[in-house]
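Inspection log for the structure reproduced underneath, given as structure tokens.
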Amino acid sequence: MTIFLSSLGFGLVTASVLAIASVGFTLQFGVTDVLNLAYGAIMIAGAFVAYLVNQAGLSVWIGLLVAVVVCSLGSVLLNSGVYTPFQRRGTSAITMVIVSLGMTLIIEFGVQALAGGTAVSYTMSQGATLQAGGLTLTVVQIVVIALSVLVMASVHVLLRYSKLGKAMRATAANKTLARNCGIRTGRVITITWALTGALCGLAGVVFAIDAGSFDATATDLFLVLILAAVFLGGPGQAYGAMLGAVIIGLATEISAAYITADYKYVIAFVALLVMLGVRPTGLLGART
Amino acid sequence: MSAELTLPGVPLRAQGITAGYGGDPVIRGITVHAMPGEVVSLVGPNGSGKSTLLKSLVGIVQISSGTVLVGDREVTNQPPEEIARAAVGYVPQVDDVFAPLSVKENLEMGGYLLHRKQVAERVDRVLAVFPQLAPMLGRAAGKLSGGERKMLAMGRVLMLSPGVFLLDEPTANLAPMVATALLETHVRQLATSGASVLIVEQRARAVLAISARTYVLGGGEVRMEGTPAELSARPDFVDSFLGGGRDRAVTPE
Amino acid sequence: MNTFYLINLLIYAAVDATACLGLSQQFGVGGVTNFGFIIFQAAGGYAAAVLAMPHDSANGGFQSYIGGWNLPFPVPWIGAAVVGGVIALPFTFLVGRRLRGDFAAVGLLVTAVLLNLLVTNFRPLFNGDAGLSLIPAPLQGEFNPQSASYQWGFTAVALFLCVLVYLLLQRITQSPYGRSLRAMRDNDVVADSLGKNLLSLRTAMLVLGGAIAGLSGGILVSYISTWSPAAWGYAETVVLFAAVIIGGAGNHRGAVLGAILVPVGFEEVTRFIPTSNNLPPNLIPSLQWVAIGLLIVVFLWLRPQGILPERKRVIGGAAQVGQPDTGWRRLARAGVARPEAGAADSGAGLRDDRFPADRPAPLARAEPEGGSSDRSAALGGAGQGSVGDGERREGDGVPPAAASRGDGEASAVVLEGVGVVREFGGVRAVNGVSFQVRRGTLTGLIGPNGAGKSTLLAMLAGTLPVTSGKIVYRGQDITGVPAFRRARLGLVRTFQLASEFKRLTVMENLLTAVPGHRGDSFRGAILGKRYWQADEGAAITRAEAVLARFGLERLANEYAGDLSGGQRRLVEIMRALMAEPSMLLLDEPMAGVHPNLARQIGNELVALCHEGMTILMVEHELAIMDEFCDPVVVMAEGAVLAEGTMQQLRARTEVVEAYLVG
């Protein structure tokens, strides 16, 4: 039972990081129709920004704030400067994938060029270890989970109750009609990328915190987990991403406890491939 | 029960519109106008450019020459979101609602340009015009029946109290009785409430019954215009539907 | 310069060029975007390794792997190519059309990463993360692999194989089969409707590309004696794609250039950058990747066709192909050029059905001069001579064997629909339609918007499946027959929207439609130009005649994508005629066409019908119906409303109402 509980604990943390990341990714896809495969690279860039701040003597949590801002700006630039011009030209979806892979190389290895190839860690304390109901978690882990819950709640409130959130959903559902309603969709899209870019930066830092030590390539495999969570829930569906993150996060960690840890990603991969083959609109998406 | 609906009708004047999708123009030199309080219909065979004309008026299709005036304001080739701000409402033929959003949210999006306080009031007004929508406020728009969707689409536009109402084949895919009801009750009401209504329709007979004036399009141009009475009396009116056109219809590619 | 440095450079160039050639063929020519491409090279590498290595208990048993049969050169390399090709087969499922392009791409990338992960972690397979080492070099028992002469020999062999692959791919791509591949790349739905077996073509490309990639893996492995998962991550696939894009996809020289510039070039350039201890570690390799990423994005923006874009294939007159065109020579060639039944892809055995005894040759295929035509020669697609003078010949002679085929009545039913229904998403677009189309008629299909005309036509052509009901063509139930087979049976359709093969010239567009072309199969392509040259010459002559008839000869060598709307429409019609149809299904052929030209097309269609062709045409312009079509069928709301001439229909109130009521 303790194996299960400790893996459950890990699973909750992984699910939390994954949820923050996946919601950002899926909203970007929803509103722009682009699979931003450079998302993982921006995440790790954020992690390194926080590292720099941390190395300068400040707390990693301040570094997190800086990372959020940097990644937000960077994501807006990525969409406005790269994706949108290509899309305006009528570039095919497959070519957009190649473009985003190219951007991944630029960003990820740009970070590696600046930061070197060795793994680094934040200088921070993990805080006390707490126990509740058989689960053992450090304070930092609990903070990560709490942050994730906070983000999910905020996204929910934004999408369901705010005018901007509804405009985002409307733009994703039917851009032309949204414009007919007077919605300035260009602005809505930019704001969406700014918000999701912020989520990306946040996800990057908490990922790095959870991982302990990280280098520029650390998010390569994590991107696949994000894709699995996104496609499980349905691309473009924020609630789907949350659901997918919980399922994938828990499944990978719990399976890692019972099968060798080496294969823990395999479950996510297989889930992704099955969803692509059987139901690409996801569990929460509309049937095509 | 008809609601007390007043709309700030504004004249719509489109002059010499030539537009297309980038290759050869689909419509050439089209001049139409609609005055407040009247239903003006656009009929004609397939491929005659009716839909394209509406899309060009709301900024979806590029106009290569010609002008569009809403009241005194020129809106030629402005982006759709700006034209919406000129109080022009457009109901497209397909993709006419936000399918994943609820009925209420659809209406709220229709009222995007309104102040927060106005929205609730306007929603009530729309529900008075379309009482069938009231029990379905929480339902996703994609789950509505064809007739309900069209009413929602029109209701969404009504939120803005538009001065000009553009409808693209609102009765397409509707059962005949629903279609007739939609035209005779709701579309007519838009005009009697003051708006300028320009409606494209395939069901020529039905829409002529509620129109003050009609334009018959063919091959991307206006072939005939007049009141329904004048047109029905013309021997070549029926012909224009069944092959009177001399020029080719140019379809978008 | 250090000898071994040069050898190293050349061998890597050969290996990378070979792999890029395989990818260019798959992606640039066949339009098959396979982001899991690296798996083929990896599989080949592992295959060569475990075929060449001794059993894993040897060498102190520190490696664990399957196989280990210690086979001599060249078996490991052959095995590498075979395994690469076989591994490619399951990919046919992932590469089909059902999934959105970018989703499929992600799926393939993920598959590559997944396999890498599995191999890394499942040690008994290929020694896991550490990979295989001490892989024997070819013939290392007889020679010293470390000697310069051995290594030069190895280099020569590697380069030789690369050149061989290049020549093979050139041969395939320049053939009519290669043309079909490019057509599939440009517009697969249309290629399907013209008789191309997409599944077969894609599978062939995957297997071919896989085998070539596998071979490149085998060569590499034999040179560096090691092979581990680190050597074939997803990044390596990205590099290969970058090389092909930058060099020029669809151009084999571009693939080689890309290989030299990107994987090789980058490696070499870094040697010349001075190293310094002040620089952060990993800087140079990181910058290499950044540069590759930049090149990908910049090239896709500024020059997506690559440095060496696909070259236009200019095709001249038949005079340039083989001998001059004189009457008896033409006949002689006709005799020689008879295609065998199996020349085209499988299923061509049905071809003989396409030329019933009583149906004369279609437009622009005059019978060879001298009335006693050998029907089989004409059937061979080798009908020569131009019909530019507008003269139409009647069918000439009935081959004795085929005389009793079917009925000879002019009013025989060619196409019949029985209770055809199309339902999708709860909507019945076609609601139980039954009709008959008789031979030699130009039948019009009209109706208001949403009546179901285009849907019905799509079902007749096989582009859309039937929900229920039956479709009978020349007495045969073809309801379940896929579109490409229907085309081979002589039932050919055109499309409403632009559907030319954009990156093929007009002439090539026409030539792709030619059925039964000897060069239009994998085998035919391999056998080379001499095998299919005559068929090609004949086809070109036919095409030139068709172009002349429609007055578009000067556009023959223009890219079809560059033409005006009306011209593209004509290309579509001409192409359909090149397919030697017995029955044509035309979807709004006059849309976007100048009135005079539309009239000319109408006249041509009528003339074809007088020769025995059957045509069913969906159109909106009812004036055309008036002038050319008899009978005309009116559909409304998914069902047949009435049938007759336009005059008759105009007089019927329910028809008028259908249009006015909408």
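Over 22 Å apart at the Cα level, from the set C:LYS312/C:LYS502; A:LYS163/B:LYS117; A:LYS163/B:LYS104; B:LYS150/C:LYS453; C:LYS196/C:LYS502, are B:LYS150/C:LYS453.
Using the rule -39500 (n - 2.57) for each DSSP H run of four or more residues, divided by the residues of the protein assembly as shown, the 222 nm mean residue ellipticity is -15500 deg cm²/dmol. Taken about its Cα centre, segment C:3-233 carries a charge dipole of roughly 640 debye when the Cβ of each Lys and Arg holds +1 and the Cβ of each Asp and Glu holds -1.
Going from the fewest other Cβ atoms within 10 Å to the most, the residues A:THR84, B:THR227 appear in the order B:THR227, A:THR84. Each label point was placed 7 Å from the Cα along the Cα-to-Cβ direction; for C:GLU423 and C:LEU497 their separation is 2.8 nm.
Based on Cα atoms of the protein assembly as shown, Rg over Rh with Rh as the Kirkwood radius reads 1.00. Near C:VAL414, the amide H atoms lying under 5 Å from its own belong to C:VAL437, C:ARG438, C:ARG439; only residues 5 or more places off or on other chains count, and H is placed 1.01 Å from N. Compared with the dominant principal axis of the Cα atoms in chain A, helix A:163-173 is inclined by about 70°. Evaluated with a Cβ-only charge set (Lys, Arg +1; Asp, Glu -1), the protein assembly as shown carries a dipole of roughly 680 debye about its Cα centre, given to the nearest 20. Binning all Cα-Cα separations of segment C:3-233 at 5 Å, short to long from zero, yields these whole-percent fractions: 1, 7, 14, 18, 18, 15, 12, 8, 5, 2, 1, 0, 0. Each residue of segment C:490-505 is assigned a 3J(HN,Hα), and the resulting list reads x, 9, 10, 10, 10, 10, 6, 8, 3, 9, 6, 7, 4, 9, 10, 6 Hz, derived from the Karplus form 6.51 cos²θ - 1.76 cosθ + 1.60 (θ = phi - 60°), x at Gly and Pro.
With a cut-off of 13 Å between beta carbons, the residues surrounding A:GLU108 carry a summed charge of -2, where Lys and Arg count +1 and Asp and Glu -1.
Once you wrap a convex hull around the alpha carbon atoms of chain B, what is its projected area averaged over all directions, in nm²? So the mean shadow area of the Cα hull is 13.1 nm². Length gained on full extension, B:ASN173 to B:GLN132, computed as 0.36 nm times the residue gap minus the Cα-Cα distance: 12.9 nm.
Converting phi to 3J(HN,Hα) with the Karplus coefficients 6.51, -1.76 and 1.60 and the offset θ = phi - 60°, segment C:425-439 yields x, x, 10, 9, 6, 10, 10, x, 9, 10, 7, 9, 10, 9, 4 Hz in sequence order, with x at every glycine or proline.
For segment B:1-74, the C-alpha radius of gyration sits at 1.25 times the compact-globule guess of 2.2 N^0.38 Å, with N the residue count. Using Cα atoms only, what is the angle between the long axis of helix A:264-278 and the major principal axis of chain A, expressed in degrees (0 to 90) to the nearest 10? The two axes meet at around 20 degrees.
Principal-axis analysis of the Cα atoms of chain B puts helix B:146-158 at an angle of about 80° to the longest axis.
The mean sequence distance of close C-alpha pairs (under 8 Å, at least 6 residues apart), as a share of the length of segment C:452-532, puts its relative contact order at 16 percent.
May I ask for the net charge around A:LEU276, where only other residues with Cβ less than 13 Å from the Cβ of A:LEU276 are counted and Lys, Arg are +1 while Asp, Glu are -1? Within the 13 Å Cβ shell, the charges total +2. With R₀ fixed at 41 Å, the C-beta to C-beta distance from A:SER59 to B:LEU113 puts the FRET efficiency at about 0.40. Report the calculated FRET efficiency for C:ARG313 and A:SER92 (r = Cβ-Cβ distance, R0 = 30 Å), to the nearest 0.05. Plugging the Cβ-Cβ distance into 1/(1 + (r/R0)^6) gives 0.80. Express in % the proportion of alpha carbon pairs of chain A at distances exceeding 32 Å. More than 32 Å apart: 22 percent of the Cα pairs in chain A.
Every read-out reported here was derived from the displayed coordinates using simple, explicitly stated rules and does not represent laboratory data. Here the structure is a predicted model, which is why all the values come from computation and not from measurement. Virtual Cβ from ideal backbone geometry, glycine too; neighbours counted across all protein chains shown.
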